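For reference, the structure is listed below as structure tokens.
We did not get these values from a lab; they are worked out from the coordinates using the rules stated. What you see is a predicted model, and the numbers here were worked out from it, not measured in a lab. Note that each Cβ is placed from the backbone with ideal geometry, even for glycine, and that neighbours are counted across all protein chains shown.
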Amino acid sequence: MAASMSLGLGLVTTMVHASPRNSPPSEDAAWPVSETLSDKQQTIPLIAAAMASGDMPRLNASLERGLDAGLTVSEAKEVLVQLYAYSGFPRSLNALGELLKVVETRQARGIADSLGSEPSKAIPTGEALIEIGTANQTMISGAPVRNAVTEFAPVINQFLQAHLFGDIFERDNLDWQSRELATVGALAAMPGVEAQLRSHMAASRRVGLTASQLRELVQLLEDGGNPDAARRAREALDQSLVPASRP
């Protein structure tokens with residue numbers, strides 16, 4: 001089921017405008033755009049790739065690097081919580097345990113990491129949750145999600161809309177660019193989910209990440225000792241940048 005969660009993005013390429021907040025966009029709002037990843041952003045795909053592959057020593061080192069670069073404890077926790085939807089509860093729980101160990105070890109060394117903040121608003125429930133989750137899914141996917149898989153098993157799209165794009169993506173203590181960097185890093189580390197990786201490369205562009213930043217992500221995976229993940233990410237990025245053919 002973890003890999004299936006990312007089916008919610010489909011393979012659409014329509015671009016949309018988006019707000020820098022975790023909420024449906026206004027007509028003319030736009031995400032902040034940069035050609036390079038910040039020091040903090042650079043650490044997120046490395047954390048995600050280590051978590052998804054179950055490489056605890058590399059995860060430990062990546063978490064240390066992330067906290068040194070200004071990632072708050074709340075943001076680090078949120079990355080690892082979100083990724084259960086892509087790599088499963090066992091890896092997420094193990095990774096959160098490793099983060100706890102890192103934070104406690106750093107405290108013992110006299111390092112006071114910023115705790116960050118919890119979500120600033122209550123998550124809606126019931127029909128309101130489905131509505132906001134569907135809006136979030138549509139914004140990130142570029143169009144309403146309808147494909148053979150969601151027609152075959154409609155309940156998976158209900159789970160995507162209510163939980164992944166509702167409960168999780170409405171939590172505003174981690175911005176959507178960071179969430180996509182984490183998702184791409186995790187999927188790149190997992191063989192067999194190339195279609196979802198391509199979709200999330202396209203989604204990354206929709207939330208304001210540039211091709212240059214995503215190429216930087218590929219190089220970070222390569223330099224971080226993840227050549228297979230880097231190759232999959234590079235191929236997915238190249239494919240996502242090819243213009244859609246017209247009938």
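If we sort 124-134, 179-189, 30-40, 68-78 on the protection proxy, mean other Cβ atoms within 10 Å, highest first, what's the order?
Working: 124-134: 15.4, 179-189: 28.9, 30-40: 13.5, 68-78: 19.1.
Taking the mean over residues of other Cβ atoms within 10 Å, the ranking is 179-189, 68-78, 124-134, 30-40.
Summing charges over neighbours of residue 209, with a neighbour being any other residue whose Cβ is under 13 Å away from its Cβ, gives 0 when K and R count +1 and D and E count -1. Helix 126-141 and the long axis of the chain differ in direction by around 90°, with both axes built from C-alpha atoms.
Ellipticity at 222 nm from helices only: DSSP H runs of n ≥ 4 in the chain, each -39500 (n - 2.57), divided by the residue count, give -18000 deg cm²/dmol. If I fit a long axis through the Cα atoms of helix 194-206 and take the longest principal axis of the Cα atoms of the chain, what angle between them do I get, 0 to 90°, rounded to 10? Helix 194-206 sits at roughly 90 degrees to that axis. Charging the Cβ of each Asp and Glu at -1 and of each Lys and Arg at +1, and nothing else, the dipole of the chain about its Cα centre rounds to 320 debye.
Go through the stretch 101-169 and name the chymotrypsin sites (Phe, Trp or Tyr not before Pro) that are in a DSSP coil and have 10 or fewer other Cβ atoms within 10 Å of their Cβ. All intermediate terms of the calculation are to be shown ahead of the outcome.
Working: sites: 152, 159, 165, 169; in loops: 169.
Hits after loop and neighbour filter: nothing returned.
Couplings 3J(HN,Hα) of the stretch 217-222, computed from phi: 4, 4, 5, 4, 5, 4 Hz, in residue order, whole Hz [Karplus 6.51 cos²θ - 1.76 cosθ + 1.60, θ = phi - 60°; x for Gly and Pro]. With a cut-off of 13 Å between beta carbons, the residues surrounding residue 232 carry a summed charge of -2, where Lys and Arg count +1 and Asp and Glu -1.
Computed 3J(HN,Hα) for the stretch 153-161, one whole-Hz value per residue from the Karplus formula 6.51 cos²θ - 1.76 cosθ + 1.60 where θ = phi - 60°, is 9, x, 5, 5, 6, 5, 5, 4, 5, glycine and proline marked x. If one puts a single equal scatterer on every Cα of the stretch 124-170 and applies the Debye formula without solvent, what log₁₀ I(q)/I(0) results at q = 0.17, 0.20, 0.32 Å⁻¹? For the requested q values the scattering log ratios are -0.41, -0.56, -1.15.
Shown here are the Rg and Dmax of the Cα trace of the chain, at 17.1, 62 Å.
What angle, in degrees between 0 and 90 and rounded to the nearest 10, separates the Cα long axis of helix 56-68 from the longest principal axis of the Cα atoms of the chain? So the inclination is approximately 90 degrees.
Calculate, in whole percent, how much of the Cα-Cα pair population of the stretch 121-213 lies beyond 22 Å. Value for the stretch 121-213 (Cα pairs over 22 Å): 29 percent. Excluding same-chain neighbours fewer than eight residues apart, the lysines reachable from residue 121 by a Cα-Cα span under 21 Å are 77.
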